[in-house]
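Asks: After the structure tokens below, expect a handful of questions from me.
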Amino acid sequence: MLVKGHIKVTTDEGVQELIAPAILVSQPGTKRAVLSLEDSVCLTVHRTDKIDITEVEEEIFEEDPTSMFGPGNKLKSLEYTP
């Protein structure tokens, strides 16, 4: 959901421009790139039957070894590994 602002986002059909309020539905496993054209607020919702936060994170987060950030938007170590 785009709650506030103006963005461009990649979709299966190409790049889509959205102005709040707007909703974009994604299938599981979808990856998106977003460019904010002004101060913007996005909100995501994920369905789960889990109630323990650790179990929820294990279910909805997919590890990306090339990503600079992990769950909780925490910066991963910047050490170089060849």
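Asks: Considering only residues that are surrounded by 13 or more Cβ atoms within 10 Å (Cβ to Cβ) and not in a strand (DSSP E or B), look in segment 1-31 and name the one that is modelled with the lowest pLDDT.
Replies: Only one residue fits best here, namely Leu24.
Asks: If you don't mind, another one. May I ask you to list the residues in segment 32-60 that are under 18 Å from Pro71 (Cβ atoms), in a loop (DSSP other than H, G, I, E, B) and out of contact with any strand residue (DSSP E or B) (no Cβ under 6 Å at 6 or more places or on another chain)?
Replies: Thr44, Val45, His46, Arg47, Thr48, Lys50, Ile51, Asp52
Asks: Look at Thr81 and say whether it is modelled with pLDDT of 85 or more and either in a loop (DSSP other than H, G, I, E, B) or of a type outside the set (A, V, I, L, M, F, W, C) (or both).
Replies: For Thr81, the condition - modelled with pLDDT of 85 or more and either in a loop (DSSP other than H, G, I, E, B) or of a type outside the set (A, V, I, L, M, F, W, C) (or both) - is not met.
Asks: Follow-up. So, in segment 1-15, how many residues would count as being small (Gly, Ala, Ser) and more than 16 Å from Ser40 (Cα to Cα)?
Replies: Matching residues across segment 1-15 total 1.
Asks: Quick one: what pairs do we get from segment 40-68, first residue modelled with pLDDT under 95, second of a type in the set (Ser, Thr, Tyr), C-beta under 6 Å, 6+ apart or different chains?
Replies: Val56/Thr48; Glu59/Thr48
Asks: Let me ask something else about it. Can you tell me which residue is surrounded by the most Cβ atoms within 10 Å (Cβ to Cβ) among those in segment 33-55 that are of a type in the set (Val, Ile, Thr) and closer than 26 Å to Ala22 by Cα?
Replies: Val34
The values are calculated or read from the model by the stated rules, or taken from the named source; none is laboratory data. From a predicted model like this one, the values you see are computed outputs, not experimental measurements. A quick note on method: Cβ atoms are made from the backbone with ideal geometry, for glycine too, and the neighbour counts reach across all protein chains shown.
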